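What follows draws every value from the coordinates through simple rules; no lab data is involved. Predicted model only: the values in this text are computed from it and were never measured. Heads up, the Cβs are rebuilt from the backbone with ideal geometry, glycines too, and the neighbour counts pull from every protein chain shown.
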Amino acid sequence: MTQDTNLYEILLYYIYTDINDPQTLRLEQLELCQKLNLKGRIIISDEGLNGTVAGLKEDTQSYVDACQADELLHLMEFKRSEGVEDAFPNLNIKVRNEIVSGKLRDDDVNPNRVTGNRLAPKDLKKWFKENKDFTIVDMRNSYEYELGHFKGSIDPGMRRFEDLPQKILALESLKDKTVLTVCTGGVRCEKASGYLVKKGFKNVYQLDGGIVSYMEQFPGEDFDGSLFVFDKRRTIHFNGENHKAIATCIYCKNTSERFTNCKKSSCNAKLVACTDCVESGSKRLCPECETKVVA
């Protein structure tokens with residue numbers, strides 16, 4: 001039986017705002033999502049809220065309406081995309097120190113206090129057209145970058161967002177340049193832009209709404225490959241039949257947009273790997289772990 005994906009919707013959203021009682025907000029969000037049969041992940045902190053939920057379109061709209069009626073969350077912007085019934089296996093709502101794990105609070109990085117200049121997607125398009133002198137730094141994980149990225153952008157080489165403090169030295173040459181941080185929906189690049197400002201970068205911007213917002217306005221333009229998403233779909237792209245995959249299997253180098261994980265449990269790094277190499281079973285270590293085995 002063919003599933004009608006038009007019935008379902010996935011919401012991607014976040015807001016940096018001071019929240020005095022994260023635990024109470026967690027209970028309110030839990031009650032709301034359960035009432036609407038929504039599944040997904042929501043992280044709440046005293047610095048804000050970050051979430052992705054999925055469900056029937058009428059239920060996701062009710063969720064949006066409820067959040068927009070909430071004094072704390074009424075300015076939160078939602079990005080919508082077509083979903084499937086089982087995009088997420090369950091509902092998970094947690095209170096943590098940060099709404100995106102980066103351990104940057106140790107450096108007193110709070111986007112409610114310091115962040116880079118917001119750059120609207122239409123203004124980034126203008127920068128591309130005018131050949132403005134700027135550098136895009138992709139604040140996603142390297143496997144996300146490999147799957148798809150803005151033309152000419154830089155990958156700092158992070159396995160996870162919390163690697164940023166260790167990768168900052170590689171960006172030192174950009175301290176006096178115009179730098180634009182980007183990520184999927186905006187939550188990581190907003191915090192990362194503040195981190196760069198705190199570290200002495202002079203002219204820092206963040207892409208408002210992230211790559212998703214840019215692709216919604218300029219589908220398939222200035223961006224190669226696909227966008228990684230953290231639900232059952234795994235990848236999405238915006239240019240229809242003109243889509244061209246750019247990622248390659250880490251083992252055989254054939255084109256692939258499938259993911260696997262390093263079989264070493266203490267590593268578990270996400271890797272681009274084709275079906276044949278994954279099913280062979282003999283090539284499941286990431287290159288770093290493979291090197292250690294050989295050594």
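Numbers below:
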{"quantity": "Residues with amide H under 5 Å from that of Ile250, placed H, sequence gap 5 or more", "calculated": "Val272, Ala273, Cys274"}
{"quantity": "20 Å Cα-Cα threshold exceeded, pairs from Lys232/Lys270; Lys125/Lys202; Lys126/Lys244; Lys270/Lys292", "calculated": "Lys125/Lys202; Lys126/Lys244"}
{"quantity": "Placed amide H near Arg118: partners under 5 Å, 5+ positions off or other chain", "calculated": "Gln206"}
{"quantity": "Anchor Lys103: aspartates and glutamates whose Cα lies under 12 Å away (excluding residues fewer than 8 positions away in-chain)", "calculated": "Glu162, Asp163"}
{"quantity": "Cα centre as origin, Lys/Arg/Asp/Glu Cβ charges: the range 5-95 dipole, Debye", "calculated": "300 debye"}
{"quantity": "Pairwise FRET efficiency - Asn268 versus Asn20, Cβ, R0 = 25 Å, nearest 0.05", "calculated": "0.10"}
{"quantity": "Identified option (computed percent of Cα pairs over 34 Å apart; candidates (i) 23; (ii) 18; (iii) 40)", "calculated": "(i)"}
{"quantity": "In nm, spacing of pseudo-spin labels at Lys253 and Thr178 (7 Å Cα→C-beta vector)", "calculated": "3.7 nm"}
{"quantity": "Kirkwood hydrodynamic radius of the range 104-241, Cα pairs, Å", "calculated": "15.0 Å"}
{"quantity": "Considering only the chain, percent of DSSP beta bridges that pair antiparallel, nearest 5", "calculated": "65 percent"}
{"quantity": "Cα-based reach from Lys35 at 15 Å (exclusive), listing aspartates and glutamates while leaving out same-chain residues under 8 positions away", "calculated": "Glu58, Asp59, Asp65"}
{"quantity": "Within-9-Å neighbourhood charge of Leu56 [Cβ basis; K, R +1; D, E -1]", "calculated": "-3"}
{"quantity": "In nm, spacing of pseudo-spin labels at Ser153 and Asn37 (7 Å Cα→C-beta vector)", "calculated": "3.6 nm"}
{"quantity": "Within the range 125-275, percent of DSSP bridges classed antiparallel, to nearest 5", "calculated": "50 percent"}
{"quantity": "Quotient of Cα Rg and 2.2 N^0.38 Å for the range 17-117, N being how many residues it contains", "calculated": "1.11"}
{"quantity": "Residues Asp163 and Thr275, FRET efficiency given R0 of 25 Å [Cβ-Cβ distance, rounded to 0.05]", "calculated": "0.30"}
{"quantity": "Per-peptide average of other Cβ atoms within 10 Å, ordering 116-129, 31-44 highest first", "calculated": "31-44, 116-129"}
{"quantity": "Computed magnitude of the charge dipole of the chain (debye, nearest 20; Cβ of K, R +1, Cβ of D, E -1)", "calculated": "1040 debye"}
{"quantity": "Cut-off under 5 Å, modelled amide H: who pairs with Gly48 long-range", "calculated": "Thr17, Ile19"}
{"quantity": "Contour excess over end-to-end distance, with Cα ends at Val84 and Lys125 and 0.36 nm allotted per residue", "calculated": "11.6 nm"}
